[in-house]
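The values are calculated or read from the model by the stated rules, or taken from the named source; none is laboratory data. Computed from a predicted model, the values in this text were never measured in an experiment. All Cβ positions, even for glycine, are placed from backbone atoms using ideal geometry, and neighbour counts span all protein chains on display.
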Amino acid sequence: MSLPATDSPPPPILIVDDEAVVLAALKETLEREKYHVVTSSSPLKALELLRTQQFAVILSDQRMPEMQGLDFLIESRKLNPRASRILITAVLSLPTIVDAINRGEIFRFVAKPWLREELTATVRNAFSRYQLIEENERLSGETRRLNEQLSLANAALAAQVQDLELQRTALDAANRQLQTSYEHSLDLCSRILNTFDPHLAGQTKAMVEIARRMAESSGFTDSQRHALRASAWLCDLGLIGVHRDVLRHFRNHPETLTESERLAISHHPVYSQTLASHVDPSPEVGETIRCHHERFDGTGYPDGLAGDMIPWTARCLAVAVWFVESGLPKEQAIELILAESGRALDPEAVRLFLKVTHLLHLPRQVREVLLDELSPGMVLANGLYSPHGLLLVGEGQTLSSNTISKIRNHNLISPISQRLLVYS
(Lines give C-alpha, C1' and ligand atoms only; values in the text may rest on other atoms or scores of the structure.)
Protein backbone atom coordinates (compact mmCIF):
# COMPACT_ATOMS: atom_id res chain seq x y z
CA MET A 1 0.00 0.00 0.00
CA SER A 2 1.48 3.37 -1.03
CA LEU A 3 0.85 6.32 1.22
CA PRO A 4 0.77 9.96 0.14
CA ALA A 5 4.06 11.73 0.21
CA THR A 6 4.55 14.48 2.76
CA ASP A 7 7.02 17.34 2.91
CA SER A 8 8.22 16.54 6.45
CA PRO A 9 10.43 13.44 7.06
CA PRO A 10 8.88 10.53 9.01
CA PRO A 11 9.57 10.32 12.78
CA PRO A 12 12.62 8.29 13.81
CA ILE A 13 12.82 4.92 15.48
CA LEU A 14 13.64 4.77 19.20
CA ILE A 15 15.72 1.85 20.53
CA VAL A 16 16.09 1.33 24.29
CA ASP A 17 18.52 -1.26 25.68
CA ASP A 18 20.94 -1.14 28.61
CA GLU A 19 23.57 -3.20 26.71
CA ALA A 20 25.74 -0.93 24.56
CA VAL A 21 26.72 -3.75 22.17
CA VAL A 22 23.08 -4.71 21.51
CA LEU A 23 22.14 -1.08 21.13
CA ALA A 24 24.90 -0.50 18.58
CA ALA A 25 24.02 -3.66 16.63
CA LEU A 26 20.36 -2.73 16.40
CA LYS A 27 21.20 0.83 15.36
CA GLU A 28 23.58 -0.31 12.63
CA THR A 29 21.12 -2.88 11.30
CA LEU A 30 18.23 -0.43 10.99
CA GLU A 31 20.31 2.46 9.65
CA ARG A 32 21.38 0.20 6.79
CA GLU A 33 17.66 0.06 5.97
CA LYS A 34 17.68 3.87 5.69
CA TYR A 35 15.79 4.49 8.95
CA HIS A 36 16.58 7.41 11.22
CA VAL A 37 17.44 5.81 14.57
CA VAL A 38 17.66 7.32 18.07
CA THR A 39 19.08 5.17 20.88
CA SER A 40 18.96 5.29 24.67
CA SER A 41 20.52 2.99 27.25
CA SER A 42 18.14 4.25 29.94
CA PRO A 43 14.36 3.76 29.84
CA LEU A 44 13.91 6.79 32.12
CA LYS A 45 15.86 9.03 29.75
CA ALA A 46 13.91 7.51 26.87
CA LEU A 47 10.67 8.60 28.54
CA GLU A 48 12.06 12.15 28.72
CA LEU A 49 12.71 11.98 24.96
CA LEU A 50 9.16 10.80 24.37
CA ARG A 51 7.83 13.88 26.15
CA THR A 52 9.45 16.15 23.54
CA GLN A 53 9.62 14.06 20.39
CA GLN A 54 7.40 11.70 18.41
CA PHE A 55 8.63 8.30 17.21
CA ALA A 56 7.21 5.98 14.62
CA VAL A 57 8.52 2.72 16.19
CA ILE A 58 9.80 2.01 19.73
CA LEU A 59 11.95 -1.07 20.37
CA SER A 60 12.76 -1.99 23.98
CA ASP A 61 14.62 -4.75 25.69
CA GLN A 62 12.63 -6.55 28.38
CA ARG A 63 15.25 -6.95 31.12
CA MET A 64 16.74 -3.59 32.16
CA PRO A 65 17.83 -2.48 35.64
CA GLU A 66 15.87 0.78 35.81
CA MET A 67 12.57 -0.58 34.43
CA GLN A 68 11.19 -3.66 32.76
CA GLY A 69 10.78 -3.22 29.03
CA LEU A 70 7.05 -4.02 29.20
CA ASP A 71 6.53 -1.31 31.83
CA PHE A 72 8.50 1.14 29.72
CA LEU A 73 6.37 0.40 26.65
CA ILE A 74 3.21 0.82 28.70
CA GLU A 75 4.42 4.28 29.82
CA SER A 76 5.56 5.14 26.30
CA ARG A 77 2.06 4.43 25.05
CA LYS A 78 0.75 7.28 27.22
CA LEU A 79 3.26 9.71 25.69
CA ASN A 80 3.27 8.44 22.10
CA PRO A 81 0.07 6.41 21.57
CA ARG A 82 0.36 5.98 17.79
CA ALA A 83 3.87 4.52 17.79
CA SER A 84 4.31 0.81 17.06
CA ARG A 85 5.88 -0.89 20.10
CA ILE A 86 8.20 -3.90 19.81
CA LEU A 87 9.43 -5.87 22.84
CA ILE A 88 12.83 -7.59 22.59
CA THR A 89 13.33 -10.41 25.05
CA ALA A 90 15.48 -13.47 25.48
CA VAL A 91 12.87 -15.23 27.59
CA LEU A 92 9.48 -15.28 25.83
CA SER A 93 7.20 -16.71 28.51
CA LEU A 94 3.42 -17.02 28.27
CA PRO A 95 2.79 -14.66 31.25
CA THR A 96 4.93 -12.01 29.54
CA ILE A 97 2.96 -12.38 26.31
CA VAL A 98 -0.42 -12.22 28.08
CA ASP A 99 0.66 -9.23 30.17
CA ALA A 100 1.99 -7.45 27.11
CA ILE A 101 -1.25 -7.99 25.21
CA ASN A 102 -3.46 -6.96 28.12
CA ARG A 103 -1.50 -3.93 29.25
CA GLY A 104 0.77 -2.65 26.57
CA GLU A 105 -0.77 -3.36 23.16
CA ILE A 106 2.58 -4.63 21.93
CA PHE A 107 2.76 -4.77 18.14
CA ARG A 108 5.37 -7.55 17.90
CA PHE A 109 7.86 -9.59 19.93
CA VAL A 110 11.48 -10.13 18.82
CA ALA A 111 13.36 -12.95 20.45
CA LYS A 112 17.06 -12.78 21.23
CA PRO A 113 19.16 -13.64 19.37
CA TRP A 114 17.23 -12.22 16.37
CA LEU A 115 17.57 -12.94 12.70
CA ARG A 116 18.42 -9.87 10.66
CA GLU A 117 15.72 -10.53 8.07
CA GLU A 118 13.11 -11.16 10.74
CA LEU A 119 14.07 -7.98 12.60
CA THR A 120 14.02 -5.74 9.54
CA ALA A 121 10.69 -7.24 8.36
CA THR A 122 9.17 -6.66 11.80
CA VAL A 123 10.36 -3.05 11.92
CA ARG A 124 9.17 -2.47 8.35
CA ASN A 125 5.69 -3.73 9.25
CA ALA A 126 5.70 -1.67 12.44
CA PHE A 127 6.68 1.42 10.47
CA SER A 128 3.92 0.77 7.94
CA ARG A 129 1.44 0.38 10.78
CA TYR A 130 2.47 3.77 12.15
CA GLN A 131 2.07 5.36 8.72
CA LEU A 132 -1.38 3.82 8.34
CA ILE A 133 -2.45 5.10 11.74
CA GLU A 134 -1.11 8.57 10.90
CA GLU A 135 -2.86 8.56 7.52
CA ASN A 136 -6.12 7.37 9.06
CA GLU A 137 -5.84 10.13 11.63
CA ARG A 138 -5.16 12.67 8.90
CA LEU A 139 -8.10 11.41 6.85
CA SER A 140 -10.32 11.41 9.92
CA GLY A 141 -9.32 15.00 10.61
CA GLU A 142 -9.94 15.92 6.99
CA THR A 143 -13.31 14.19 7.13
CA ARG A 144 -14.24 16.08 10.28
CA ARG A 145 -13.14 19.33 8.64
CA LEU A 146 -15.15 18.57 5.50
CA ASN A 147 -18.16 17.55 7.58
CA GLU A 148 -17.95 20.82 9.46
CA GLN A 149 -17.75 22.69 6.16
CA LEU A 150 -20.65 20.65 4.82
CA SER A 151 -22.69 21.41 7.92
CA LEU A 152 -21.96 25.10 7.52
CA ALA A 153 -22.79 24.90 3.80
CA ASN A 154 -26.03 23.05 4.54
CA ALA A 155 -26.96 25.64 7.12
CA ALA A 156 -26.18 28.42 4.65
CA LEU A 157 -28.15 26.60 1.95
CA ALA A 158 -31.10 26.14 4.29
CA ALA A 159 -30.97 29.85 5.07
CA GLN A 160 -30.85 30.64 1.35
CA VAL A 161 -33.77 28.31 0.67
CA GLN A 162 -35.72 30.00 3.44
CA ASP A 163 -34.84 33.40 1.99
CA LEU A 164 -35.87 32.23 -1.49
CA GLU A 165 -39.14 30.90 -0.11
CA LEU A 166 -39.79 34.24 1.56
CA GLN A 167 -38.92 36.00 -1.68
CA ARG A 168 -41.19 33.64 -3.64
CA THR A 169 -44.02 34.30 -1.21
CA ALA A 170 -43.46 38.03 -1.49
CA LEU A 171 -43.24 37.75 -5.29
CA ASP A 172 -46.47 35.75 -5.44
CA ALA A 173 -48.17 38.38 -3.31
CA ALA A 174 -46.77 41.12 -5.54
CA ASN A 175 -47.93 39.26 -8.65
CA ARG A 176 -51.41 38.88 -7.18
CA GLN A 177 -51.44 42.56 -6.33
CA LEU A 178 -50.27 43.42 -9.85
CA GLN A 179 -52.94 41.17 -11.35
CA THR A 180 -55.57 42.79 -9.14
CA SER A 181 -54.33 46.23 -10.14
CA TYR A 182 -54.36 45.16 -13.79
CA GLU A 183 -57.94 43.91 -13.52
CA HIS A 184 -58.90 47.17 -11.79
CA SER A 185 -57.27 49.09 -14.64
CA LEU A 186 -59.28 47.14 -17.22
CA ASP A 187 -62.43 47.72 -15.20
CA LEU A 188 -61.63 51.43 -15.02
CA CYS A 189 -61.24 51.55 -18.81
CA SER A 190 -64.59 49.79 -19.16
CA ARG A 191 -66.23 52.33 -16.82
CA ILE A 192 -64.69 55.21 -18.77
CA LEU A 193 -66.09 53.76 -22.01
CA ASN A 194 -69.46 53.27 -20.36
CA THR A 195 -69.50 56.90 -19.16
CA PHE A 196 -68.47 58.15 -22.58
CA ASP A 197 -70.78 55.89 -24.61
CA PRO A 198 -72.78 53.06 -22.97
CA HIS A 199 -73.33 51.46 -26.39
CA LEU A 200 -69.56 51.32 -26.96
CA ALA A 201 -69.04 49.76 -23.51
CA GLY A 202 -71.66 47.09 -24.25
CA GLN A 203 -69.90 46.22 -27.52
CA THR A 204 -66.60 45.91 -25.66
CA LYS A 205 -68.03 43.40 -23.18
CA ALA A 206 -69.41 41.29 -26.05
CA MET A 207 -66.04 41.36 -27.84
CA VAL A 208 -64.24 40.39 -24.62
CA GLU A 209 -66.46 37.30 -24.22
CA ILE A 210 -65.88 36.19 -27.82
CA ALA A 211 -62.13 36.82 -27.50
CA ARG A 212 -62.05 34.80 -24.28
CA ARG A 213 -63.66 31.81 -25.98
CA MET A 214 -61.31 32.00 -28.94
CA ALA A 215 -58.25 32.32 -26.70
CA GLU A 216 -59.23 29.19 -24.76
CA SER A 217 -58.87 27.04 -27.87
CA SER A 218 -55.63 25.39 -28.92
CA GLY A 219 -53.26 27.13 -31.29
CA PHE A 220 -52.44 30.07 -29.02
CA THR A 221 -49.34 30.67 -26.94
CA ASP A 222 -49.77 32.11 -23.45
CA SER A 223 -48.66 35.53 -24.66
CA GLN A 224 -51.11 35.37 -27.58
CA ARG A 225 -53.97 34.43 -25.24
CA HIS A 226 -53.15 37.40 -23.05
CA ALA A 227 -52.83 39.73 -26.04
CA LEU A 228 -56.21 38.68 -27.48
CA ARG A 229 -58.09 39.07 -24.19
CA ALA A 230 -56.45 42.38 -23.21
CA SER A 231 -56.86 43.85 -26.71
CA ALA A 232 -60.59 43.15 -26.68
CA TRP A 233 -60.85 45.31 -23.55
CA LEU A 234 -58.67 48.14 -24.83
CA CYS A 235 -59.05 48.26 -28.63
CA ASP A 236 -61.68 51.04 -28.65
CA LEU A 237 -60.14 53.38 -26.06
CA GLY A 238 -59.07 55.70 -28.88
CA LEU A 239 -62.69 56.39 -29.77
CA ILE A 240 -62.94 58.49 -26.60
CA GLY A 241 -61.21 61.22 -28.59
CA VAL A 242 -63.96 61.16 -31.24
CA HIS A 243 -67.03 63.33 -30.71
CA ARG A 244 -70.17 61.39 -29.71
CA ASP A 245 -72.12 62.80 -32.64
CA VAL A 246 -69.46 61.55 -35.04
CA LEU A 247 -69.72 58.06 -33.49
CA ARG A 248 -73.51 58.09 -33.87
CA HIS A 249 -73.24 59.14 -37.51
CA PHE A 250 -70.57 56.48 -38.08
CA ARG A 251 -72.89 53.78 -36.74
CA ASN A 252 -76.10 54.96 -38.39
CA HIS A 253 -75.13 57.01 -41.46
CA PRO A 254 -71.43 56.48 -42.23
CA GLU A 255 -71.87 58.01 -45.67
CA THR A 256 -72.50 61.42 -44.09
CA LEU A 257 -69.08 61.63 -42.44
CA THR A 258 -66.66 64.28 -43.61
CA GLU A 259 -63.12 63.41 -44.65
CA SER A 260 -61.69 64.67 -41.36
CA GLU A 261 -64.26 62.66 -39.42
CA ARG A 262 -63.43 59.51 -41.37
CA LEU A 263 -59.76 60.17 -40.72
CA ALA A 264 -60.40 60.43 -36.97
CA ILE A 265 -62.28 57.12 -37.03
CA SER A 266 -59.58 55.37 -39.08
CA HIS A 267 -56.85 56.55 -36.70
CA HIS A 268 -58.55 55.36 -33.53
CA PRO A 269 -56.56 52.04 -33.48
CA VAL A 270 -53.35 54.11 -33.23
CA TYR A 271 -54.81 56.25 -30.45
CA SER A 272 -56.04 53.09 -28.70
CA GLN A 273 -52.57 51.55 -28.95
CA THR A 274 -51.05 54.62 -27.30
CA LEU A 275 -53.60 54.76 -24.49
CA ALA A 276 -53.49 51.00 -23.91
CA SER A 277 -49.71 51.10 -23.43
CA HIS A 278 -50.30 52.92 -20.12
CA VAL A 279 -52.39 49.96 -18.94
CA ASP A 280 -50.53 47.08 -20.60
CA PRO A 281 -47.10 47.78 -22.16
CA SER A 282 -46.92 44.38 -23.90
CA PRO A 283 -45.86 44.82 -27.56
CA GLU A 284 -48.22 42.03 -28.65
CA VAL A 285 -51.17 43.82 -27.07
CA GLY A 286 -50.23 47.07 -28.80
CA GLU A 287 -49.79 45.38 -32.21
CA THR A 288 -53.09 43.52 -31.88
CA ILE A 289 -54.94 46.73 -31.05
CA ARG A 290 -53.29 48.65 -33.89
CA CYS A 291 -54.11 45.96 -36.46
CA HIS A 292 -57.63 44.90 -35.46
CA HIS A 293 -59.19 46.96 -38.30
CA GLU A 294 -56.78 45.73 -40.97
CA ARG A 295 -58.43 43.64 -43.68
CA PHE A 296 -57.23 40.24 -44.88
CA ASP A 297 -57.18 41.58 -48.47
CA GLY A 298 -54.98 44.56 -47.50
CA THR A 299 -57.57 47.35 -47.81
CA GLY A 300 -57.99 48.02 -44.09
CA TYR A 301 -56.53 50.69 -41.81
CA PRO A 302 -54.34 52.18 -40.43
CA ASP A 303 -51.37 50.50 -42.21
CA GLY A 304 -52.94 48.54 -45.07
CA LEU A 305 -51.50 45.19 -43.94
CA ALA A 306 -52.69 41.96 -45.57
CA GLY A 307 -52.79 38.21 -44.91
CA ASP A 308 -50.19 36.83 -42.53
CA MET A 309 -48.64 40.29 -42.13
CA ILE A 310 -51.53 40.95 -39.75
CA PRO A 311 -50.87 39.35 -36.32
CA TRP A 312 -52.92 36.21 -35.72
CA THR A 313 -54.45 37.72 -32.59
CA ALA A 314 -55.56 40.81 -34.55
CA ARG A 315 -57.15 38.60 -37.24
CA CYS A 316 -59.11 36.80 -34.54
CA LEU A 317 -60.14 40.02 -32.81
CA ALA A 318 -61.27 41.44 -36.17
CA VAL A 319 -63.90 38.68 -36.53
CA ALA A 320 -65.29 39.49 -33.07
CA VAL A 321 -65.34 43.21 -33.95
CA TRP A 322 -67.18 42.56 -37.21
CA PHE A 323 -69.74 40.37 -35.46
CA VAL A 324 -70.40 42.80 -32.61
CA GLU A 325 -70.19 46.11 -34.48
CA SER A 326 -72.42 44.93 -37.34
CA GLY A 327 -75.44 45.52 -35.10
CA LEU A 328 -77.28 42.82 -37.05
CA PRO A 329 -79.26 39.87 -35.70
CA LYS A 330 -77.08 36.83 -35.10
CA GLU A 331 -78.03 34.98 -38.27
CA GLN A 332 -77.46 38.02 -40.49
CA ALA A 333 -74.22 38.88 -38.69
CA ILE A 334 -72.95 35.36 -39.33
CA GLU A 335 -73.92 35.59 -42.99
CA LEU A 336 -71.97 38.85 -43.21
CA ILE A 337 -68.91 37.25 -41.59
CA LEU A 338 -69.07 34.28 -43.96
CA ALA A 339 -69.42 36.65 -46.91
CA GLU A 340 -66.31 38.58 -45.77
CA SER A 341 -64.26 35.40 -45.15
CA GLY A 342 -61.25 35.61 -47.42
CA ARG A 343 -61.80 39.32 -48.09
CA ALA A 344 -61.96 41.39 -44.92
CA LEU A 345 -61.52 38.43 -42.57
CA ASP A 346 -59.05 35.56 -42.29
CA PRO A 347 -60.95 32.34 -43.17
CA GLU A 348 -59.14 30.41 -40.45
CA ALA A 349 -60.09 33.03 -37.85
CA VAL A 350 -63.70 32.87 -39.09
CA ARG A 351 -63.71 29.10 -38.72
CA LEU A 352 -62.31 29.41 -35.19
CA PHE A 353 -64.96 32.01 -34.32
CA LEU A 354 -67.80 29.78 -35.54
CA LYS A 355 -66.35 26.74 -33.81
CA VAL A 356 -65.89 28.24 -30.36
CA THR A 357 -69.02 30.40 -30.22
CA HIS A 358 -71.44 27.68 -31.43
CA LEU A 359 -73.60 30.34 -33.01
CA LEU A 360 -74.68 28.10 -35.89
CA HIS A 361 -76.77 25.00 -35.49
CA LEU A 362 -75.00 22.11 -37.21
CA PRO A 363 -76.74 18.95 -38.41
CA ARG A 364 -76.39 15.92 -36.21
CA GLN A 365 -73.05 14.12 -36.49
CA VAL A 366 -71.47 17.08 -38.26
CA ARG A 367 -68.78 19.19 -36.63
CA GLU A 368 -66.71 22.15 -37.69
CA VAL A 369 -62.90 21.98 -37.77
CA LEU A 370 -60.01 24.29 -38.52
CA LEU A 371 -57.74 23.86 -41.49
CA ASP A 372 -54.92 22.68 -39.22
CA GLU A 373 -57.23 20.09 -37.63
CA LEU A 374 -57.87 18.18 -40.88
CA SER A 375 -56.54 14.65 -40.60
CA PRO A 376 -56.58 11.55 -42.83
CA GLY A 377 -59.79 9.54 -42.54
CA MET A 378 -62.10 12.52 -42.01
CA VAL A 379 -65.12 12.69 -44.32
CA LEU A 380 -66.15 16.09 -45.65
CA ALA A 381 -69.74 17.08 -44.94
CA ASN A 382 -69.62 19.89 -47.50
CA GLY A 383 -67.86 20.44 -50.80
CA LEU A 384 -64.87 22.77 -50.96
CA TYR A 385 -64.67 25.25 -53.86
CA SER A 386 -62.07 27.73 -55.05
CA PRO A 387 -62.97 31.44 -55.10
CA HIS A 388 -63.72 30.97 -58.82
CA GLY A 389 -66.23 28.19 -58.19
CA LEU A 390 -63.95 25.26 -59.06
CA LEU A 391 -64.73 22.16 -56.98
CA LEU A 392 -61.65 21.20 -55.00
CA VAL A 393 -62.99 18.33 -52.86
CA GLY A 394 -66.47 16.92 -53.10
CA GLU A 395 -68.91 16.33 -50.26
CA GLY A 396 -68.60 12.89 -48.70
CA GLN A 397 -65.00 12.38 -49.82
CA THR A 398 -62.66 10.73 -47.33
CA LEU A 399 -59.59 12.85 -46.82
CA SER A 400 -56.14 11.42 -47.39
CA SER A 401 -52.76 12.94 -46.57
CA ASN A 402 -52.31 14.01 -50.19
CA THR A 403 -55.78 15.58 -50.34
CA ILE A 404 -55.17 17.53 -47.11
CA SER A 405 -51.79 18.70 -48.42
CA LYS A 406 -53.44 19.93 -51.64
CA ILE A 407 -56.15 21.78 -49.67
CA ARG A 408 -53.57 23.52 -47.48
CA ASN A 409 -51.33 24.40 -50.45
CA HIS A 410 -54.32 25.85 -52.29
CA ASN A 411 -55.23 27.87 -49.19
CA LEU A 412 -51.75 29.42 -49.20
CA ILE A 413 -52.21 30.61 -52.80
CA SER A 414 -55.92 31.43 -52.68
CA PRO A 415 -57.50 31.34 -49.20
CA ILE A 416 -60.49 29.02 -48.83
CA SER A 417 -63.28 31.06 -47.25
CA GLN A 418 -65.76 28.24 -46.68
CA ARG A 419 -66.44 26.52 -43.41
CA LEU A 420 -64.83 23.12 -42.97
CA LEU A 421 -67.48 20.59 -41.92
CA VAL A 422 -66.76 16.92 -41.38
CA TYR A 423 -68.83 13.98 -40.27
CA SER A 424 -67.95 12.97 -36.71
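Condition first: at pLDDT below 90, in a loop (DSSP other than H, G, I, E, B) and among the hydrophobic types (A, V, I, L, M, F, W, C). Can you find one or more residues in region 345-357 that meet it?
no
Is one or more of the residues making up region 329-347 among the charged types (D, E, K, R), under 40 Å from the mean Cα position of the chain (by Cα) and surrounded by fewer than 15 Cβ atoms within 10 Å (Cβ to Cβ)?
Filtering region 329-347 for residues among the charged types (D, E, K, R) gives 330-331, 335, 340, 343, 346.
From what's left, under 40 Å from the mean Cα position of the chain (by Cα): 346.
Those left that are additionally surrounded by fewer than 15 Cβ atoms within 10 Å (Cβ to Cβ): none.
No, there is no match, as no residue in region 329-347 is among the charged types (D, E, K, R), under 40 Å from the mean Cα position of the chain (by Cα) and surrounded by fewer than 15 Cβ atoms within 10 Å (Cβ to Cβ).
Taking Leu345 as meeting all but one of (1) free of Cβ contacts under 8 Å to residues at least 40 places away in the same chain; (2) within 30 Å of Gly202 (Cβ to Cβ), write down the number of the exception.
(1)
Among what's in region 106-130 and is under 18 Å from Ala83 (Cα atoms) and modelled with pLDDT under 90, pick the residue that is surrounded by the fewest Cβ atoms within 10 Å (Cβ to Cβ).
Phe109
Out of Arg343, Arg419, I need the residue that is more than 23 Å from Arg213 (Cα to Cα) and of a type in the set (Lys, Arg). Which one? Show your work before the answer.
Details: Arg419 fails: more than 23 Å from Arg213 (Cα to Cα).
The match here is Arg343.
With the structure loaded, tell me whether Arg290 is free of Cβ contacts under 8 Å to residues at least 60 places away in the same chain and charged (D, E, K, R) or whether it fails that test.
Values: free of Cβ contacts under 8 Å to residues at least 60 places away in the same chain: yes; charged (D, E, K, R): yes.
Yes: the conditions hold for Arg290.
Being of a type in the set (A, V, I, L, M, F, W, C) and closer than 23 Å to Thr313 by Cα is the filter here; which residues of region 327-345 pass it? Let's see the steps before the verdict.
Filtering region 327-345 down to residues of a type in the set (A, V, I, L, M, F, W, C) leaves 328, 333-334, 336-339, 344-345.
Matches in region 327-345: Ala333, Ile334, Leu336, Ile337, Leu338, Ala339, Ala344, Leu345.
Looking only at region 408-420, count how many residues are outside any loop (DSSP other than H, G, I, E, B) and buried (at least 18 other Cβ atoms within 10 Å of the Cβ). Can you show your working first?
If we filter region 408-420 for residues that are outside any loop (DSSP other than H, G, I, E, B), which is where we start, we get 408-413, 420.
When the remaining residues are screened for being buried (at least 18 other Cβ atoms within 10 Å of the Cβ), the result is 420.
Final tally of qualifying residues: 1.
Name the one entry in Ala318, Ala333 that is in the same structural domain as Arg229 (by TED's automatic domain parsing) and touching a strand residue (DSSP E or B) at 6+ places or on another chain (Cβ under 9 Å).
On the way: Ala333 fails: touching a strand residue (DSSP E or B) at 6+ places or on another chain (Cβ under 9 Å).
None of the others qualify; the one that does is Ala318.
Inspect all residues belonging to region 57-76 and state whether any of them is closer than 21 Å to Leu132 by Cβ, within 60 Å of the chain's Cα centre (by Cα) and of a type outside the set (A, V, I, L, M, F, W, C).
Step one: filter region 57-76 for residues closer than 21 Å to Leu132 by Cβ, giving 57-59, 73, 76.
Add one more test, that the residue is within 60 Å of the chain's Cα centre (by Cα), and what stays is 57.
Now drop any that are not of a type outside the set (A, V, I, L, M, F, W, C), which leaves none.
For region 57-76, residues closer than 21 Å to Leu132 by Cβ, within 60 Å of the chain's Cα centre (by Cα) and of a type outside the set (A, V, I, L, M, F, W, C): absent.
Here is a yes/no grid of residues against (1) outside the structural domain of Met309 (by TED's automatic domain parsing); (2) basic (Lys, Arg); (3) closer than 30 Å to Tyr301 by Cβ; (4) in contact with a strand residue (DSSP E or B) (Cβ under 7 Å, 6 or more places away or on another chain):
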site: Leu345; (1), (2), (3), (4): no, no, yes, no
site: Val350; (1), (2), (3), (4): no, no, yes, yes
site: Lys355; (1), (2), (3), (4): no, yes, yes, yes
site: Ser375; (1), (2), (3), (4): yes, no, no, no
site: Leu380; (1), (2), (3), (4): yes, no, no, yes
site: His410; (1), (2), (3), (4): yes, no, yes, yes
site: Leu421; (1), (2), (3), (4): yes, no, no, yes
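Gly327 fails exactly one of the following numbered conditions: (1) within 27 Å of Gly219 (Cβ to Cβ); (2) out of contact with any Phe, Trp or Tyr (no Cβ under 9 Å at 6 or more places or on another chain); (3) not β-branched (Val, Ile, Thr). What is the number of that condition?
The single condition Gly327 does not satisfy is (1).
From (1) farther than 30 Å from Val279 by Cβ; (2) modelled with pLDDT of 90 or more, pick out the condition that doesn't hold for Glu137.
Exception for Glu137: condition (2).
Considering only region 348-361, state which residues are within 17 Å of His292 (Cβ to Cβ), under 38 Å from the mean Cα position of the chain (by Cα) and of a type in the set (A, V, I, L, M, F, W, C).
We begin by selecting, within region 348-361, every residue within 17 Å of His292 (Cβ to Cβ); these are 348-350, 352-353.
Subsequent filtering for residues that are under 38 Å from the mean Cα position of the chain (by Cα) retains 348-349, 352-353.
If the condition is that a residue be within 17 Å of His292 (Cβ to Cβ), under 38 Å from the mean Cα position of the chain (by Cα) and of a type in the set (A, V, I, L, M, F, W, C), then Ala349, Leu352, Phe353 are the ones that fit.
Limited to region 187-205, what total is found for residues that are more than 19 Å from Phe323 (Cα to Cα) and of a type in the set (Gly, Ala, Ser)?
1
Restricting attention to region 23-45, report how many residues are charged (D, E, K, R), more than 18 Å from Leu87 (Cα to Cα) and out of contact with any helix residue (DSSP H, G or I) (no Cβ under 7 Å at 6 or more places or on another chain). Show your work before the answer.
Start the filter on region 23-45 by keeping residues that are charged (D, E, K, R), which leaves 27-28, 31-34, 45.
If we keep only those that are more than 18 Å from Leu87 (Cα to Cα) as well, we get 28, 31-34.
In the following step, the residues that additionally are out of contact with any helix residue (DSSP H, G or I) (no Cβ under 7 Å at 6 or more places or on another chain) were identified as 28, 31-32, 34.
Residues that pass the stated criteria total 4.
For region 249-326, which helices (runs of 4 or more DSSP H) that fit wholly inside it have 3 or more residues that are surrounded by fewer than 17 Cβ atoms within 10 Å (Cβ to Cβ), under 43 Å from the mean Cα position of the chain (by Cα) and at pLDDT 95 or above?
Where helices (runs of 4 or more DSSP H) fall fully within region 249-326, none carries at least 3 residues being surrounded by fewer than 17 Cβ atoms within 10 Å (Cβ to Cβ), under 43 Å from the mean Cα position of the chain (by Cα) and at pLDDT 95 or above.
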